Amino acid sequence: MTIRPCSPADFDDVYAVVNDAAIAYRGVIAADCWTEPYMPAEELQHEIEVGVRFWGGFDNGQLVGVMGIQEVADVALIRHAYTRTARQGTGVGTALLAHLQAQTDRRILIGTWRAATWAVRFYERHGFRLVPESEKAALLRRYWTVSARQIEESVVLDGGTPDRSGRPSQT
């Protein structure tokens, strides 16, 4: 697998990967938080315009996974991490996460749905720790632009500041 930045020419493939993988949320996250498609093209374009830099995992030229990174104030946010359904569990997400961790020397935060327990476990396996509920809302308000309802349904994971190898180092 090759990892490279996604270009404007990859937009349709990024859109397809996000919405293919997000099917896992249907019936799991709160019904009022689900949309069809999960991420409309206009929202994806907006995310790019506000600074989410998408990286892709490509296998034989096909985009099989995406993960974004966005620098906000003093942190780096991992945003929109998705692997095609057929490729989940094959190391695509792990490779993308390690690559993005190596792209920054900032504290890394990740927000995800509380009900997406598989995602929470994935990040915990990679050294991220759940932020206490008492701190979660303040972090979501400071670094993300999300609704009050999404704050209720989300968790934040803290990866600390990566060491030079890209591995998280809790500070």
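Here are the numbers for the structure shown:
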{"item": "Looking only at the range 1-25, and only at residues there that are in a loop (DSSP other than H, G, I, E, B) and not aliphatic (A, V, I, L, M), the one that is nearest to Ala86 (Cα to Cα)", "result": "Cys6"}
{"item": "Cβ-Cβ under 8 Å pairs, at least 6 apart or on other chains, the range 21-37 side at pLDDT 95 or above, far side exposed (fewer than 14 other Cβ atoms within 10 Å of the Cβ) and among the basic types (Lys, Arg)", "result": "Ala30/Arg149; Asp32/Arg149; Cys33/Arg149; Trp34/Arg26"}
{"item": "Residue pairs meeting the criteria (Cβ under 6 Å; at least 6 apart or on separate chains; first touching a residue at least 12 places away in the same chain (Cβ under 8 Å), in the range 86-107; second part of a loop (DSSP other than H, G, I, E, B) and not hydrophobic (A, V, I, L, M, F, W, C))", "result": "Leu97/His126; Ala98/Gly166; Gln101/Gly166; Ala102/Gly166"}
{"item": "Restricting the range 26-82 to residues that are part of a helix (DSSP H, G or I) and acidic (Asp, Glu), the residue that is farthest from Glu153 (Cα to Cα)", "result": "Glu49"}
{"item": "Check on Ala73, at positive phi and either buried (at least 19 other Cβ atoms within 10 Å of the Cβ) or touching a residue at least 60 places away in the same chain (Cβ under 8 Å) (or both)", "result": "yes"}
{"item": "Residues located in the range 85-111, provided they are crowded, with 21+ Cβ neighbours inside 10 Å and touching a Leu at 6+ places or on another chain (Cβ under 9 Å)", "result": "Ile108, Leu109, Ile110"}
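Yes/no per residue for (1) crowded, with 17+ Cβ neighbours inside 10 Å; (2) closer than 16 Å to Ile3 by Cβ:
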| position | (1), (2) |
| --- | --- |
| Arg26 | no, no |
| Ile29 | yes, no |
| Asp32 | no, no |
| Val50 | no, no |
| Asn60 | no, yes |
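The values are calculated or read from the model by the stated rules, or taken from the named source; none is laboratory data. Predicted, not measured: the structure shown is a model, and the values here were computed from it. Note: ideal-geometry Cβ built from the backbone for every residue, glycine included; neighbour counts use all protein chains shown.
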